[in-house]
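One structure is given here, and the rest of the page talks about it.
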Amino acid sequence: MDINLFLSTILFPGIIFHELGHVIACLFLGVPIEKIKWCGKDGGYVIHKDSKPYKNIIIALIPFIFNIFISLILARIYLLNTDIIIRIICVWFAISALFFCVPSSQDAQNVFNALKENYSKTNILQILLNIIFLPLTIIILIISFFFKIIHNSLYFRIILILIWLFLFII
């Protein structure tokens, strides 16, 4: 059995949290959602209407922040609760959230496409804004490239989980 398929099956709540991050970003930014697949053999996805480039970038990258936030909330619940079942569920959901916090290759590609679209505009105001926001654009490109590389990295995901577990030791 493929290790990624096995881990996706066991840690499916993380996929749901990841897609929920996309959904919340779409709703918050007012971008209509066309289709949602919460979980499946090949993961999940959210298809939304095309929007302004900055909205597409936020929608693509928000699961990273959202899933880490979920894992921190679950860590707090874990520490405040003594019921063993609730603690096990918190650990399972938190590890799942961390495992799938990394934006997918498609998310990274969406960021690249949004930046390319934004920088292809030719009106003078847009060109000036692009120059002003060039450092931010470079940071977003580096982050997206990093996510594209580590998306299939089991080691990076395990390191995130180990860091989370280490927080309970100290």
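The values are calculated or read from the model by the stated rules, or taken from the named source; none is laboratory data. Since the model is a prediction, treat every value here as computed from it, not as a measurement. Quick reminder, even Gly has a Cβ in these numbers, built from the backbone with ideal geometry, and neighbours come from all protein chains shown.
The conditions are (1) surrounded by fewer than 19 Cβ atoms within 10 Å (Cβ to Cβ); (2) within 11 Å of the chain's Cα centre (by Cα), and Trp92 fails exactly one of them. Which is it?
Only one criterion is unmet by Trp92, namely (2).
I'm checking my understanding of the structure. Among residues of the range 67-89 that are buried (at least 21 other Cβ atoms within 10 Å of the Cβ) and of a type outside the set (Val, Ile, Thr), which one is farthest from Phe6 (Cα to Cα)?
Selected residue: Leu74.
Residue under question is Asn130, and the condition is that it be farther than 23 Å from Ala94 by Cβ and either modelled with pLDDT of 70 or more or not aliphatic (A, V, I, L, M) (or both); does it hold? Reasoning before the result, please.
Numbers: farther than 23 Å from Ala94 by Cβ: yes; either modelled with pLDDT of 70 or more or not aliphatic (A, V, I, L, M) (or both): yes.
Here the answer is yes, as Asn130 does meet what is asked.
Can you tell me which residues in the range 2-52 are surrounded by 12 or more Cβ atoms within 10 Å (Cβ to Cβ), of a type in the set (Lys, Arg) and closer than 26 Å to Cys90 by Cα?
Hit for the range 2-52 is Lys37, nothing else.
Find the residue count for the range 1-59, including only residues that are of a type in the set (Asp, Glu) and in contact with a strand residue (DSSP E or B) (Cβ under 7 Å, 6 or more places away or on another chain).
The number of residues fulfilling the criteria is 2.
Could we say that Leu5 is farther than 16 Å from Leu160 by Cβ and assigned to a helix (DSSP H, G or I) here? Can you show your working first?
On the way: farther than 16 Å from Leu160 by Cβ: yes; assigned to a helix (DSSP H, G or I): yes.
Yes, satisfied.
Would you say Ser104 is among the polar types (S, T, N, Q), surrounded by 16 or more Cβ atoms within 10 Å (Cβ to Cβ) and touching a strand residue (DSSP E or B) at 6+ places or on another chain (Cβ under 9 Å)?
yes
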